[in-house]
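What follows is a short report on a single structure.
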């Protein structure tokens, strides 16, 4: 039995979510431009039930597309199709993750509605609905579904869903309880990845790496996308620890499980950027940014292009990022705007709006960073302190905390935060590393200046 210990928590693995990198699901707040949704809306309602919408002819040539088509074919002719429709719903969720088209979540939702039209209390349909709500950042609604599930059937994945939505709302200690119950019931890829993420959020990088190793060992081609995600996350931990070559191997294995997997391509590009290989990094980041319009990918690509001296191309990417980022991931757009010194009032509004739905450490940090840009330094310090309360060891959190402390004249606090950010600055964007280096150098120069010369 493997024990995971923290100053304020202790949980057991049963009997047997770094700067800027998103976790399991796609970050979305809008599905307006989704091709999948446009296809569904092109069929005249109300003539079509949820079942009919879910069975609309599917296009595509990838393995997941073939799976969707096969499940649809079976469901169209089956007299009892509930189980097939459930599998189709999860296939649509996989398609959403691989394609970064959130419209497939809505098609998965139609599958849940279809099942419920025949059995209103089907717990598997509730689980499907809960994961869709979580992926679309409707955390309160997802929590309600999850709590109903753990009450009526109490299975491992029910506790996993509850832990996920609690974590997103910043309620980590409650999430730990749910994940403990999950892994006690079923130690597997799904539970190991969640335990690893909680360890990382609590500041235990080594422990997170160890458990994620268990996760990838538990993975298989039958769970290709979750296994690719686990290898990607493992690579992020390895990059943070300074093991860039090992991290690159993990990214490569992820791409073997899921070809052109955007998250793994991004990781490989970030590793190359940290090594000063901007041209090679672009070759990896460009296709990833083509697959998704998420600001994290666009920001990384823009920084890589600037590093490579392709300023005009970078400006084009940044224009697209600013125009579309609020719909895709407002929190990251807010961070980008402040880091670039642009539209800081808009950035604050975006971050504060995000705080209404999720209160995790990274949203608290985004609020702190945007408050600082708007001159509200005391409030920025408060939110920054809250973002660090769980012990998360993240270069971006420390970089922002140091900058806020420096603006407040707390030079010793700034020095300590910058020192901690320096330890894993390879996980930062190039533009963030540049600003960190600039501010840290200014602070060091001040320390070297005789007090009399400073007027102190």
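The values are calculated or read from the model by the stated rules, or taken from the named source; none is laboratory data. Remember, predicted model here, so these are calculated numbers, not experimental data. Counting neighbours? That spans all protein chains shown, and the Cβs are built from the backbone with ideal geometry, glycine included.
Observations
- Checked across the stretch 320-335, the condition of being assigned to a loop (DSSP other than H, G, I, E, B) and farther than 28 Å from residue 361 by Cβ holds for no residue.
- Only one of the listed residues (366, 405) is under 18 Å from the mean Cα position of the chain (by Cα) and at pLDDT 95 or above. That residue is 366.
- Elements of the type helices (runs of 4 or more DSSP H) sitting completely within the stretch 228-298 and holding at least 2 residues that are modelled with pLDDT of 95 or more, touching a helix residue (DSSP H, G or I) at 6+ places or on another chain (Cβ under 9 Å) and within 13 Å of residue 212 (Cβ to Cβ): these cover 244-257.
- Residue match in the stretch 127-139 (condition: part of a helix (DSSP H, G or I), in contact with a helix residue (DSSP H, G or I) (Cβ under 9 Å, 6 or more places away or on another chain) and farther than 25 Å from residue 100 by Cβ): no
- Out of 422, 416, one residue alone is under 24 Å from the mean Cα position of the chain (by Cα) and either surrounded by fewer than 23 Cβ atoms within 10 Å (Cβ to Cβ) or more than 25 Å from residue 281 (Cβ to Cβ) (or both). It is 422.
- Screening residue 170 against (1) out of contact with any strand residue (DSSP E or B) (no Cβ under 9 Å at 6 or more places or on another chain); (2) within 17 Å of residue 392 (Cα to Cα); (3) modelled with pLDDT of 95 or more; (4) outside any helix (DSSP H, G or I) leaves a single unmet condition, (3).
- Condition check for residue 272: more than 14 Å from the chain's Cα centre (by Cα) and either under 20 Å from residue 194 (Cα atoms) or surrounded by fewer than 24 Cβ atoms within 10 Å (Cβ to Cβ) (or both): yes
- Residue 374 meets the conditions (1) under 25 Å from residue 175 (Cβ atoms); (2) touching a helix residue (DSSP H, G or I) at 6+ places or on another chain (Cβ under 8 Å) in every case but one. The failed one is (1).
- The set of residues in the stretch 47-68 that are surrounded by fewer than 16 Cβ atoms within 10 Å (Cβ to Cβ) and in a helix (DSSP H, G or I) comprises 52, 63, 66.
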